[in-house]
1. Taking neighbour counts of Cβ atoms within 10 Å as a proxy for exposure, in what order, fewest first, do Thr174, Thr45 appear?
2. Note down the relative contact order for the range 31-128 as a percent, whole number, built from C-alpha pairs under 8 angstrom at least six residues apart.
3. For Leu151 and Ser12 in the same chain, what is the full-extension length gain: residue separation times 0.36 nm, less their Cα-Cα distance, in nm?
4. Test of understanding: what is the full-extension gain from Thr45 to Ile132, defined as 0.36 nm times their sequence separation minus their Cα-Cα distance?
5. Summing Lys, Arg as +1 and Asp, Glu as -1, what charge do residues with Cβ under 14 Å from the Cβ of Ile164 carry, Ile164 excluded?
6. From the phi angles alone, apply the Karplus equation (6.51, -1.76, 1.60; θ = phi - 60°) to the range 134-146 and give each ³J(HN,Hα) in whole Hz, x where the residue is Gly or Pro.
7. Once the other residues with Cβ under 15 Å from the Cβ of Gly129 are scored (Lys, Arg +1; Asp, Glu -1), what is the net sum?
8. What FRET efficiency comes out for the pair Val83/Glu160, r = Cβ-Cβ distance, R0 = 41 Å, nearest 0.05?
Amino acid sequence: MEKKYLVVAILSVSAIISFPIFLWPASIGGNTHYLIVLSGSMEPTIPVGGIIIARNVNASNLEVGDVIVFQPPQRVTEKGGRVLITHRIVEVTEQGFVTKGDACEENDKGIVTPDRIVAKQWLTMPYVGYGIEHMRTVARSKMGFLVLIVLPASIIMFGEIRRIILIEDVRKITEEAEIIECGRPSIFSEEVI
């Protein structure tokens, strides 16, 4: 029985330690990028609404067939956001990489130079991005804040209050049971003839 708990504890600690090492987001100094697919240029391999998990990579380790995330020459959207493209490498040249979306007939224009490469695809989760984007939209509204933050916090708070009250009730019953066991009169006992 104790070995079972030891194994579970070791696996739990390993999972907790591996998160920062393998999945720590790049936005806070990690090695992993989480991207929601917004266009169909990589369909059917990566559908619109999917999530790409990509890891930082040294450009010298890339080869034909790898799916990479890179910055186009124009790196900023009209709203000031960062533009990233995810396409497959179809040719390696001395200057960089020729890329193409799986759903596209022609190669992308221009060469992707090593300095523009952000990451290499590591894992894809189809359609998960729809849920995440919906949650972002909901969370930005007042009602979303209430539903996603206030309601769960209230449920947890009331659950803990209930648990504390139950623990107190059990403590009182235990004290009364100890009084009965010690031979003292009990307010719960009745004489039966």
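1. Working: Thr174 10, Thr45 15.
With the sparsest Cβ surroundings first, the list reads Thr174, Thr45.
2. Working: 210 pairs, mean separation 34.6, N = 98.
Dividing the mean separation by the residue count of the range 31-128 yields 35 percent.
3. Working: separation 139, 0.36 × 139 = 50.04 nm, distance 2.87 nm.
Here the segment from Leu151 to Ser12 would lengthen by 47.2 nm.
4. Details: separation 87, 0.36 × 87 = 31.32 nm, distance 1.99 nm.
The span from Thr45 to Ile132 would gain 29.3 nm if fully extended.
5. On the way: positive: Arg162, Arg163, Arg171, Lys172; negative: Glu160, Glu168, Asp169.
After counting each charged neighbour, the total is +1.
6. 5, 5, 4, 4, 5, 5, 6, 8, 5, 5, x, 4, 5
7. Working: positive: Arg136; negative: Glu43, Glu133.
So the environment of Gly129 carries a net charge of -1.
8. Details: r = 45 Å, r/R0 = 1.11.
Using R0 = 41 Å, I get an efficiency of 0.35.
No value in this document is a laboratory result; all are computed from the given coordinates. Owing to the predicted nature of the structure, the values given are computational and were not obtained by experimental measurement. FYI the Cβ positions are ideal-geometry reconstructions off the backbone, even for glycines, and counts take in every protein chain you see.
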